[in-house]
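No lab work stands behind these numbers, since they all come straight from the coordinates. Here the structure is a predicted model, which is why all the values come from computation and not from measurement. Note that we place each Cβ from the backbone using ideal geometry, even for glycine, and neighbour counts take in every protein chain shown.
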Amino acid sequence: MVSETILHLIAGVDTTSAGLTWTLALLLHNPVVMEKLVTDIRRNFALGSVVSYEECRLKVPYLSAVISESLRVMSPAPGILPRLAPPGGVRLDGYVVPKGTWICCSVGSLHMNPLVFPEPDAFKPERFLAGGGGQGNMLAFSTGVRACLGRNLALVEMHVVLANLLKDYDLALPHGIQPLGGIPDIPRKTLMTMNPVNPEKDCLVVISRRKLE
């Protein structure tokens, strides 16, 4: 039980903080998306209330779409997904891959493939709404029986933190910094999780508590 708990915390906490960082950066640099999300959240939840994960998913599907789009373009773990070909081998796209062969899928390459996600350089949460075509193609958590152990925990954390934060606080870029739109060109490093190289200047945000109107 201790081992399982540690795995869940490692898989669903450190990567989640990176995911939240990138989601907020993407929202701040795409003010139209930010305004739509904030309006949707505040229309459904009162100032000072505590929003649960179930309420987020039920009442604000756009938040789920924003999170999925953020994980697509700024996945905290954008590397390869290694797997071994099963006994007897496997046929992939007409090629026979012998048993025991390493097969790797590049998450970042798939997420930015225009054949899979049209306009991959655009930040478009709508692609993950019903009928948007994005569902089923996002591999930020891997897939299958060996998908990320912390997926459910990470999604709960991201929904609850973003919903309650944007409900009660106004966020803005510092004075003089203009939104870049799309996917901001913020240098990032890849270790276990992907974070900004210079957070002291690339993660600046002005936060003020929202007042009753």
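The figures follow:
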| quantity | calculated |
| --- | --- |
| Structure-based [θ]222 nm, the chain - -39500 (n - 2.57) summed over DSSP H runs of at least 4, per residue, nearest 500 | -11500 deg cm²/dmol |
| Across K36/K211; K167/K189; K124/K211; K99/K189; K59/K167; K124/K167, pairs whose alpha-carbon gap is larger than 25 Å | K167/K189; K124/K211; K99/K189 |
| Euclidean distance between Cα centres, the stretch 1-63 to the stretch 111-126, Å | 21 Å |
| For the stretch 38-161: rounded, prolate or oblate by the Cα gyration tensor [a/c cutoff 1.5] | prolate |
| Value of Rg to Rh for the stretch 136-203 (Rh from inverse mean 1/r over Cα pairs, i.e. Kirkwood) | 1.03 |
| Amide H partners (placed H, <5 Å) of R188, local residues excluded | V197 |
| Per-pair calculated FRET efficiency, R0 = 22 Å: S49 and S208 via Cβ, rounded to 0.05 | 0.70 |
| Relative contact order of the stretch 2-117, pairs being alpha-carbon contacts under 8 Å that are 6 or more residues apart, as % | 21 percent |
| Mean Cα-pair separation over length for the stretch 147-213, i.e. relative contact order, pairs under 8 Å, 6 or more apart, % | 37 percent |
| Under-5 Å amide H pairs with R210, H placed in peptide plane, nonlocal only | Y169, D170 |
| Integer Hz, Karplus 6.51/-1.76/1.60 couplings in order for the stretch 153-168, x for Gly and Pro | 4, 4, 5, 4, 4, 5, 5, 5, 5, 5, 4, 6, 5, 6, 6, 10 |
| For V90, distant residues with modelled amide H under 5 Å away | V97 |
| The chain: most fluctuating residue of G108, G100, G133 per GNM, C-alpha cutoff 10 Å | G100 |
| Among (1) 128; (2) 138; (3) 155, the entry that matches volume of the Cα convex hull per residue in Å³ as calculated here | (3) |
